[in-house]
Amino acid sequence: MPKVTTGTIRERTEALATDTSPTVRRRRLASELRRLRGESGLTMQEVADRLDFAAASISRIETGRRGIRPRDLKAFLDLYEVPEEDRAALAALAREAQQRGWWQNYGDVLPSEYATLIGLETEATSVRNYEQILVPGLLQTADYARAVIAASRPNDTPDEVDRRVAVRMERQRRLANDNPLELSVILGEGAVHQRVGTAQVTAEQFRHLAEANRRPNVMVQVLPYRAGAHPAMTGSFNIVGFPEHSDLDVIYLENMSSGLYLEDADDVRRYVGVFDYLRAVALSPADSMAMLMHASTSLT
């Protein structure tokens, strides 16, 4: 088997030196392992056969859905003939991917897909979010979030609801820290007419959205009914973007019981194109703010 050239592994992993999210580290490690297997000319099944692994386990490792033990990582690197000088960077990446993020303290109330989203947000530079009828979690008030969670999870205890609300409030710190997240939201007009909780709760949420639109790193636009049919009528979506070119954007799709991540370059391009279209046909931020304030006033 030809030796794999991996002279730039250290350079690619150095960019993570100040990262705090184990999710991003696991994703980078998964990307390196996929690349190494590709350069070795081996299929996933061939690797599984040679290492006595289940192909499904290799798939989960290569997509970042599970970590990898040190002895298993060594077996992969031996098979791919990775030079000794590059192994330390990958081993460090694997160790750091096992660190705990703040959201893991809420593991009892966080589905794994949602926990992954929070981990990605922690190191992202941007989030582009289209929502048909729901204010996105990064811009929800505590009372609005509580009403949404209580309605969607009627069997939760009051303590579980409070813990889920706390997670949403903690997520929002990314909008105001030293390196704030760039957030662009397209909100379907249906959300402006949807009452959540009491009239006062909904009115305060609309005022909160209008005020958030004044931040330099936040842009909220309303997609009016008169915009007509559009390519996102099938559902809401998130596009999570990262600073490193080697970290491709991730598409997150959420449904009632789980979430789905799309990382294929063609999928990402498609959703980015759809979001750009929606942004072009939506109301301007100023007109959106006026609509939200009018809706808030009418409720009070």
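Some observations on this one:
- Here the helices (runs of 4 or more DSSP H) wholly within region 1-97 that include at least 2 residues being modelled with pLDDT of 75 or more and of a type in the set (S, T, N, Q) are 22-40, 55-62.
- Within region 140-161, if we keep just the residues that are in a helix (DSSP H, G or I) and out of contact with any helix residue (DSSP H, G or I) (no Cβ under 8 Å at 6 or more places or on another chain), the residue that is nearest to ARG207 (Cα to Cα) turns out to be VAL148.
Residue by residue, here is whether (1) among the hydrophobic types (A, V, I, L, M, F, W, C); (2) outside the structural domain of ARG65 (by TED's automatic domain parsing); (3) closer than 29 Å to GLU62 by Cβ holds:
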{"site": "GLY197", "(1), (2), (3)": "no, yes, no"}
{"site": "LEU223", "(1), (2), (3)": "yes, yes, no"}
{"site": "SER236", "(1), (2), (3)": "no, yes, yes"}
{"site": "SER258", "(1), (2), (3)": "no, yes, yes"}
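- Subset of region 190-216 (residues that are closer than 17 Å to HIS294 by Cα, among the basic types (Lys, Arg) and surrounded by fewer than 15 Cβ atoms within 10 Å (Cβ to Cβ)): ARG195, ARG214
- Filtering region 28-58 to residues that are within 16 Å of LEU73 (Cβ to Cβ), touching a residue at least 40 places away in the same chain (Cβ under 8 Å) and of a type in the set (Asp, Glu) leaves only GLU32.
- Being assigned to a helix (DSSP H, G or I) and surrounded by fewer than 19 Cβ atoms within 10 Å (Cβ to Cβ) is a property that GLU113 has.
- Per-region count, region 249-297, residues surrounded by 13 or more Cβ atoms within 10 Å (Cβ to Cβ), touching a residue at least 40 places away in the same chain (Cβ under 8 Å) and part of a loop (DSSP other than H, G, I, E, B): 3
- Flag for MET219 being surrounded by fewer than 16 Cβ atoms within 10 Å (Cβ to Cβ), touching a residue at least 24 places away in the same chain (Cβ under 8 Å), aliphatic (A, V, I, L, M) and under 20 Å from GLN140 (Cβ atoms): no
- Some residue of region 187-205 being under 20 Å from the mean Cα position of the chain (by Cα) and either more than 23 Å from TYR277 (Cα to Cα) or at pLDDT 95 or above (or both): yes
The values are calculated or read from the model by the stated rules, or taken from the named source; none is laboratory data. The structure displayed is predicted, hence computed values, not measured ones. FYI the Cβ positions are ideal-geometry reconstructions off the backbone, even for glycines, and counts take in every protein chain you see.
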